[in-house]
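Novice: The structure under discussion is supplied below as structure tokens; questions concerning it will follow.
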Amino acid sequence: MNRTAILKLSICSLALVFTCRMAVGTGMQESTASGSTLKTFVTPQAAASALIDAAEKFDVSALEQMLGPAGKDIIHTGEPA
């Protein structure tokens with residue numbers, strides 16, 4: 001599997017996980033242990049689009065705002081880029 005295919009598969013996987021997470025918590029804002037609020041979206045499509053955009057740019061800050069502290073294992077896999 002080439003690098004592009006792996007990136008696309010990773011982005012799709014993240015989008016699926018994130019969309020499922022947003023579908024469960026649509027319209028609710030969750031507080032993290034640090035007291036910050038997770039980013040929420042009006043629709044699952046908006047959430048998936050934002051996640052894909054952040055993943056393509058590897059915008060760690062945006063990804064952490066969307067996935068929260070539990071998402072650090074997803075964001076920082078330890079795999080070389």
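Novice: So is GLU79 out of contact with any helix residue (DSSP H, G or I) (no Cβ under 6 Å at 6 or more places or on another chain), outside any loop (DSSP other than H, G, I, E, B) and modelled with pLDDT of 65 or more or not?
Specialist: Details: out of contact with any helix residue (DSSP H, G or I) (no Cβ under 6 Å at 6 or more places or on another chain): yes; outside any loop (DSSP other than H, G, I, E, B): no; modelled with pLDDT of 65 or more: yes.
Considered against the rule, which asks whether it is out of contact with any helix residue (DSSP H, G or I) (no Cβ under 6 Å at 6 or more places or on another chain), outside any loop (DSSP other than H, G, I, E, B) and modelled with pLDDT of 65 or more, GLU79 comes out as no.
Novice: Further, regarding this structure: Looking at the stretch 57-81, I want the residues that are touching a residue at least 12 places away in the same chain (Cβ under 8 Å) and under 13 Å from LEU38 (Cβ atoms) and have a partner that is of a type in the set (Lys, Arg) and in a loop (DSSP other than H, G, I, E, B) with Cβ atoms under 7 Å, at least 6 apart or on another chain. Which pairs are those?
Specialist: GLN65/LYS39; MET66/LYS39
Novice: Working only within the stretch 30-67, note down all residues that are at pLDDT below 85 and either β-branched (Val, Ile, Thr) or surrounded by fewer than 19 Cβ atoms within 10 Å (Cβ to Cβ) (or both).
Specialist: GLU30, SER31, THR32, ALA33, SER34, GLY35, SER36, THR37
Novice: Output the qualifying pairs, or none if there are none: Cβ atoms under 7 angstrom, residues six or more apart or on different chains, first residue in the stretch 26-53 and of a type in the set (S, T, N, Q), second residue in a strand (DSSP E or B) and modelled with pLDDT under 50.
Specialist: Listed pairs, sorted by first residue: THR37/SER31.
The values are calculated or read from the model by the stated rules, or taken from the named source; none is laboratory data. Keep in mind the model is a prediction, meaning the values are calculated, not measured. Heads up, the Cβs are rebuilt from the backbone with ideal geometry, glycines too, and the neighbour counts pull from every protein chain shown.
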